[in-house]
1. Give the number of residues within segment A:67-82 that are part of a helix (DSSP H, G or I) and more than 7 Å from chain B (Cβ to nearest Cβ).
2. Please find, within segment A:102-142, the residue that is surrounded by the most Cβ atoms within 10 Å (Cβ to Cβ) out of those that are facing chain B (nearest Cβ under 7 Å) and outside any helix (DSSP H, G or I).
3. For A:Ile35, work out the one condition from (1) at pLDDT 85 or above; (2) within 18 Å of the chain's Cα centre (by Cα) it doesn't fulfil.
4. Only one of B:Asn49, B:Asn19 is at positive phi and not small (Gly, Ala, Ser). Can you tell me which?
5. What is the number of the single condition among (1) within 11 Å of chain B (Cβ to nearest Cβ); (2) open to solvent by less than 100 Å² (accessible area, probe 1.4 Å); (3) farther than 30 Å from B:Glu180 by Cβ that A:Ala16 does not meet?
6. Which numbered condition in (1) open to solvent by less than 60 Å² (accessible area, probe 1.4 Å); (2) under 22 Å from A:Gly69 (Cα atoms) is the only one that B:Ile117 fails?
7. List pairs: first residue in segment A:83-99 and more than 7 Å from every other protein chain (Cβ to nearest Cβ), second residue hydroxyl-bearing (Ser, Thr, Tyr) and open to solvent by less than 20 Å² (accessible area, probe 1.4 Å) anywhere in the structure, Cβ distance under 8 angstrom, at least six positions apart or on different chains.
8. Read through the list (1) part of a helix (DSSP H, G or I); (2) among the hydrophobic types (A, V, I, L, M, F, W, C); (3) under 37 Å from the mean Cα position of the chain (by Cα); (4) over 18 Å from A:Ser132 (Cα atoms), then give the number of the only condition that B:Ile137 fails.
Amino acid sequence: MMQLFQFIIIIMIGLAGGLAVGSGMVAFITVLDIIPRLSQLIKGYQYITWFQRALMIGAVSFTWFDFRGTVFHLPSFLTVIIGSFAGIFVGMLAGALTEVLNVLPILAKRLNMAHVIIILLMAMVFGKIAGSLFHWLIYIPN
Amino acid sequence: MSQDAVYLRLRNRYFVNPNSKVLLGEIAQIIAPEQHEKALKRLFIYQINKEDEHLVVIDSMHIIKKLTEHFPQLHIESIGSPQIIVEIIPSSTKKKPHAIAVAFVWIILFVGSGLAIMNFHHDVSMEEVHKRIYYLITGIHKKDPLILQIPYSLGIGLGMILFFNHVFKKKINEEPSPLEVEMFLYQQNLDQYVVLNENEQNRKKKQ
């Protein structure tokens, strides 16, 4: 009896935690407008429900593989593909966050730099690439 | 009555040099009976003086008052926005910022975003996650899965470019990018603030 009670409590806690984290993640991605942005780029608004499903299936399946420790034993060059896609997603997150914080419009207006805004955007892009490469190649090994 | 109607539509924004005169034809689109049109367009509205520092908000009430003084026989219909922001541009600020200033901002953004991404990676234990992904895919424990991490780093740059819709100056498609929309919204918010605040001050001065 006691065991059954514990069992139910643990299921409840797990489910509640998952609900909170899952809805939090969806809210975060929604606020940052990443799915609408990608649909706009490829002019594919009609596939927007599929993109939402992709997000959900990705989150659930990766959680499962991670927790269960499912090992695929695939050749290592496949991680190049995974790494690239993960990087693109993080890059979009970073871009969206910068945009939410209004950094570039304020710079353009305050410092009178509207005409060089693309150059400044490229500064951030190259800064991110350089920072990330520095992190993995120099910072971590030493 | 309808023959003497004047339709008035204020523009959004107008740029002038300091100490110049603002005429009606410059700040508004006008439809009026032909015999009055030229006189209306040359109607003097406002003299820019030194106290108006950067901006003056001209209210349509002020314009209608002037119009009824000079053309009492006309019936005025004001359509569109109820006020116009006149921006005063001194000849000194017209020039572009110095290349050194641009370079300075460039370096701030470059170093800052690099630092920010490193902080982010530490914050979310990206190193552990990368090792874990590498292990789950290949079944090999590796201390530095660079084959995953270098494409990941390049991907970050690509993702930002995709988000902002720019490959240097070339656009990927015709729609405005989020940055352009954001610049527009920021300007609109500033304008709204200016219209509400400056306008009230103007009224106080006149009383």
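1. Result for segment A:67-82: 3.
2. Per the criteria, the residue is A:Met113.
3. Here A:Ile35 meets the rest and fails (1).
4. Just a single option satisfies the conditions, and that option is B:Asn19.
5. So A:Ala16 meets the others, but not (1).
6. Condition not satisfied by B:Ile117: (2).
7. Note: pairs meeting the criteria are A:Thr98/B:Ser113.
8. So the condition that B:Ile137 fails would be (3).
The values are calculated or read from the model by the stated rules, or taken from the named source; none is laboratory data. Worth saying up front: this structure is predicted, and the values here are computed from it rather than measured. Here Cβ is always computed from backbone atoms with ideal geometry, including for glycine, and neighbour counts include all displayed protein chains. We work out accessible area using only protein heavy atoms, side chains counted, and drop any ligands, DNA or RNA first. Shrake-Rupley method; radii C 1.70, N 1.55, O 1.52, S 1.80 Å.
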